[in-house]
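The values are calculated or read from the model by the stated rules, or taken from the named source; none is laboratory data. Predicted, not measured: the structure shown is a model, and the values here were computed from it. Neighbour counts run over all protein chains shown; Cβ positions are idealised from the backbone, glycine included. Just so you know, the surface numbers come from the protein's heavy atoms only, side chains and all, with ligands and any DNA or RNA stripped out. Shrake-Rupley method; radii C 1.70, N 1.55, O 1.52, S 1.80 Å.
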Amino acid sequence: MTDFSMVNRRYGYLHECKWPLEAIDMHHVVVRKSNAKGFFVYLSALIVVANAASYLLLVKDKSITVLLWGFLLSVLLVKVMFWNRVMKESVVVMPTFGVQLETHYASGRIIHRFIPIGKILKPVLLECVSPVTCYWSLSLLLHGEAELTLVLKELRPPVKMLIPIWKALCDASDIKEVSDSWKDAN
């Protein structure tokens, strides 16, 4: 049963609670289909083949090898652009067991990572700033680990999609939100 969803121009967010007693909390960030990327990939493949065909007409002694290389480069370009594309990343929160992080690729491959609930010290929302871009990421501070663990490794959804996941992780790890502890201190 889908409880909550929101849509952006690049991403879609779905929140599900699975029975019994809504014990399993599932959050999905889905990449929306874009026809523009497919159009540009196939257009560039067509340009490579057209270039090979025009070279075929100009140089007649090495024509078949050039055409075969053109087809091979076109197939390789299409495969590289579409094969390792991320379709969906999911966060499955089980308050008594832990958190399962899933990454679904267009090729059908799924990568699962499980983090026990006792190992999570705190979920952290970070603003990542570089000279070119600015985005938000959700990380987990883990006991015994020197580095933060990214919850969504491949996708960079907006912060309004990360906040429900962050709140669910805070609830599962029995951590009060910063805003609540700030109110209690003042």
Problem set entry | Extension gain from Glu102 to Arg32, taking 0.36 nm per residue of separation minus the Cα-Cα distance | 23.5 nm
Exercise. Once label points are set 7 Å from the Cα along Cα→Cβ at both Cys128 and Ala50, what is their separation, rounded to one decimal in nm?
Worked result: 3.7 nm
Exercise. In nm, what is the difference between 0.36 nm times the number of residues separating Met87 and Asp171 and their Cα-Cα distance?
Worked result: 27.5 nm
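Taking all protein chains in place and a 1.4 Å probe, what share, in percent, of the accessible surface of the range 68-171 do carbon and sulfur account for?
Details: 3870 of 6020 Å².
With neighbouring chains kept in place, the figure for the range 68-171 is 64 percent.
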